[in-house]
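This report concerns only the one structure given below.
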Amino acid sequence: MQELKNKKAAVVVFSGGQDSTTCLFWAKKRYETVIALSFDYQQKHIKELECAKSICKKYGIEHHIMDMSLLNQLAPNSLTRADIPVDENAPAQGTPNTFVDGRNHLFLSYAAVFAKQRGISDIITGVSQSDFSGYPDCRDIFIKSLNTTLSLAMDYQFDIITPLMWLDKKETWALADELGVLDIIRNETLTCYNGVIGDGCGNCPSCKLRKKGLDAYLASKKDN
């Protein structure tokens with residue numbers, strides 16, 4: 001087992017959206033060095049990569065964008081094809097058409113290869129089982145399984161950290177406020193499936209979930 005690990009550093013899987021940006025600032029509070037890793041899989045809204053790049057540049061975070069264009073060829077869906085509309089409601093069975101098969105599996109696997117080359121063991125991702133929208137690769141059991149697999153595959157002890165795993169969107173907004181970045185998350189991130197920065201289009205499932213959580217959090221602040 002390789003011994004040299006930098007516990008003062010972490011790699012954050014970073015999309016430029018609400019959850020990963022919250023995790024990015026969560027990591028900045030805890031590590032001397034934070035490296036953000038984004039992935040270009042020729043997603044329909046390239047604005048999310050522009051958003052990620054802008055946030056990292058503005059707040060002084062090392063940022064890398066990795067080419068994952070093969071994923072686009074393998075997993076056509078509403079986030080990668082202009083001719084496939086986003087499902088506005090979750091299907092009665094199966095996964096929504098915004099689910100990209102293998103995305104988190106591949107992102108975390110490549111992040112692990114990147115991290116090992118830097119002597120880093122901690123990989124942070126913003127997945128959540130509480131608000132996982134039916135995506136199987138956001139579940140805790142998947143993360144734990146992949147953590148074991150990657151550590152065995154590279155003979156190197158990784159720690160995949162999920163600060164939001166058991167938080168719903170209301171609690172995620174609360175965490176952003178606690179970190180002092182609520183306005184950054186609200187105005188500078190892109191969560192919308194239709195590519196609208198900030199509060200988004202208001203109609204897609206991602207915007208509805210985000211707004212529901214924000215409204216609940218702001219209401220709770222007012223009550224207190």
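The values are calculated or read from the model by the stated rules, or taken from the named source; none is laboratory data. Everything numeric here is computed off the predicted structure, so don't read it as measured data. Ideal geometry is used to build each Cβ from the backbone, glycine not excepted, and the neighbour counts take in all protein chains shown. Just so you know, the surface numbers come from the protein's heavy atoms only, side chains and all, with ligands and any DNA or RNA stripped out. Shrake-Rupley method; radii C 1.70, N 1.55, O 1.52, S 1.80 Å.
Couple of notes before you dig in:
- No other residue among D140, D183, D215, D223 is among the charged types (D, E, K, R) and either at pLDDT below 95 or in contact with an Asp or Glu (Cβ under 7 Å, 6 or more places away or on another chain) (or both) apart from D223.
- Residue list for the range 100-129, restricted to those being more than 24 Å from H45 (Cβ to Cβ) and open to solvent by less than 20 Å² (accessible area, probe 1.4 Å): A112, A115, G119, I120, S121, D122, I123
- Selection within the range 55-83: residues that are among the polar types (S, T, N, Q) and buried (at least 16 other Cβ atoms within 10 Å of the Cβ). The member of this set that is modelled with the highest pLDDT is N72.
- Given (1) open to solvent by 40 Å² or more (accessible area, probe 1.4 Å); (2) touching a helix residue (DSSP H, G or I) at 6+ places or on another chain (Cβ under 6 Å); (3) in a loop (DSSP other than H, G, I, E, B), number of the condition L167 does not satisfy: (2)
- Out of L152, L179, L209, L175, sole residue that is among the aliphatic types (A, V, I, L, M), under 22 Å from K29 (Cβ atoms) and surrounded by fewer than 19 Cβ atoms within 10 Å (Cβ to Cβ): L179
- Among the residues of the range 193-203, none qualifies, meaning not one is acidic (D, E), surrounded by fewer than 17 Cβ atoms within 10 Å (Cβ to Cβ), in a helix (DSSP H, G or I) and more than 16 Å from the chain's Cα centre (by Cα).
- Within the range 84-99, tally of residues that are open to solvent by 30 Å² or more (accessible area, probe 1.4 Å) and either at pLDDT 70 or above or not in a loop (DSSP other than H, G, I, E, B) (or both): 1
- When the range 1-41 is filtered for residues that are within 26 Å of C192 (Cβ to Cβ), part of a loop (DSSP other than H, G, I, E, B), aromatic (F, W, Y) and at pLDDT 95 or above, only F14 remains.
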